[in-house]
Amino acid sequence: MNHLGGVEGLAGLLDLLGRSIDPTRLTPKRVLYLHLNESSFDRDRNGAVRFEDEQPITLGHLLELLAGTRVTVKPVIDLANTRSVERYAVPDDLREAVQLTATRSLSPWAPTSSRAQSIDMDHAQEYDPNTTAGTEPQTCLDNLGPLHRSAHRLKTHQHGWTSRQPRPGVRYWHSRHGYVYRVDPTGTHPLGKHDLVAFQAAVDADHAAHLNGHDLDITATLAAMRDIEWLHAA
């Protein structure tokens, strides 16, 4: 310890380091996502917000949790106004919006987080590099969904599987044996065995409802498929 000038020299060195290092830079960094509706801003402290993957809390409770902490507020990600691009590669801000819309892979029963390294950003409708100018950009929230790499390969290369996305965060699958699955923020929902025509009609109905500001629930989806099958059988 002589080369440090003894105990006094060591104490001086530690004091110097203590004054030159910001301890907050040594603490782990985490990103906390809060999901809230625009109407929450109109409800004073009683508007509800939701931690990602957790139960809702009030804005007042959130303020209590953050009291006395060091917080960096990042810009709000408005999922209703995300940008679209006409290129295959997904920009970072759009990727983040997709991950907020679907926190898990949109393949049936997949537990993989949408932020895992094994996740691909899949174009629900295959990207076409020869699309003419003037059309809607293909790389957009409506046409993107997180898929685990194995599911992405199955969708791309395995014949007999059909996958469609009527709205962000919701993906329908029709297996090669005719079974239909719906994957949404609440999990995977087996919808039984249906022909491809009924499957396509149900997804079209879900998409139409989304364009009109509504979401088609599972009961309505099943009813749409059964109606088509009944018409074919009549």
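The values are calculated or read from the model by the stated rules, or taken from the named source; none is laboratory data. Because the structure is predicted, anything quoted here is derived from the model rather than measured. Backbone-built Cβ (ideal geometry, glycine too); neighbour counts: all protein chains shown.
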Seminar exercise, completed: When the range 205-234 is checked residue by residue, the ones that are over 14 Å from Val180 (Cβ atoms) and not in a helix (DSSP H, G or I) are Asn212, Gly213, His214, Asp215, Asp217, Ala234
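If a residue must be of a type in the set (S, T, N, Q), surrounded by 11 or more Cβ atoms within 10 Å (Cβ to Cβ) and within 21 Å of the chain's Cα centre (by Cα), how many such residues does the range 53-96 contain? Walk me through how you get there before you give the answer.
Taking the range 53-96 as the starting set, the residues that turn out to be of a type in the set (S, T, N, Q) are 55, 58, 69, 72, 81-82, 84.
Adding the requirement that they be surrounded by 11 or more Cβ atoms within 10 Å (Cβ to Cβ) leaves 58, 82, 84.
When the remaining residues are screened for being within 21 Å of the chain's Cα centre (by Cα), the result is 82, 84.
Here the count works out to 2.
Restrict the check to the range 225-234 and report whether at least one residue is among the acidic types (Asp, Glu) and under 18 Å from Ser114 (Cβ atoms).
Narrowing the range 225-234 to residues among the acidic types (Asp, Glu): 227, 229.
With the extra rule that they be under 18 Å from Ser114 (Cβ atoms), the set shrinks to none.
No, the range 225-234 contains no residue that is among the acidic types (Asp, Glu) and under 18 Å from Ser114 (Cβ atoms).
Can you spot a residue in the range 92-106 that is outside any helix (DSSP H, G or I), of a type in the set (S, T, N, Q) and over 25 Å from Val180 (Cβ atoms)?
Checked the range 92-106: no residue is outside any helix (DSSP H, G or I), of a type in the set (S, T, N, Q) and over 25 Å from Val180 (Cβ atoms).
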Seminar exercise, completed: Scanning the range 159-216 residue by residue, those in contact with a Gly (Cβ under 6 Å, 6 or more places away or on another chain) and over 20 Å from Leu147 (Cβ atoms) turn out to be Lys193
For this session: Six or more apart or on different chains, Cβ under 6 Å: which pairs go from a residue in the range 187-199 that's more than 20 Å from Ser105 (Cβ to Cβ) to one that's assigned to a helix (DSSP H, G or I) and not β-branched (Val, Ile, Thr)? Could you list them?
Result: His194/Met225; Ala198/Met225; Ala198/Glu229
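Could you tell me which of the residues Gln138, Gln99 is over 23 Å from Leu191 (Cα atoms), surrounded by 15 or more Cβ atoms within 10 Å (Cβ to Cβ) and touching a Phe, Trp or Tyr at 6+ places or on another chain (Cβ under 8 Å)?
Details: Gln99 fails: touching a Phe, Trp or Tyr at 6+ places or on another chain (Cβ under 8 Å).
Testing whether each residue is over 23 Å from Leu191 (Cα atoms), surrounded by 15 or more Cβ atoms within 10 Å (Cβ to Cβ) and touching a Phe, Trp or Tyr at 6+ places or on another chain (Cβ under 8 Å) leaves just Gln138.
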Problem set entry | Tabulated pairs, the range 79-100, first more than 19 Å from Ile119 (Cβ to Cβ) and of a type in the set (Asp, Glu), second modelled with pLDDT under 90 and surrounded by 12 or more Cβ atoms within 10 Å (Cβ to Cβ), C-beta under 6 angstrom, 6+ apart or interchain | Glu86/Pro137
Exercise. Restricting attention to the range 141-189, and to residues there that are assigned to a loop (DSSP other than H, G, I, E, B) and not small (Gly, Ala, Ser), which single residue is surrounded by the most Cβ atoms within 10 Å (Cβ to Cβ)?
Worked result: Pro168
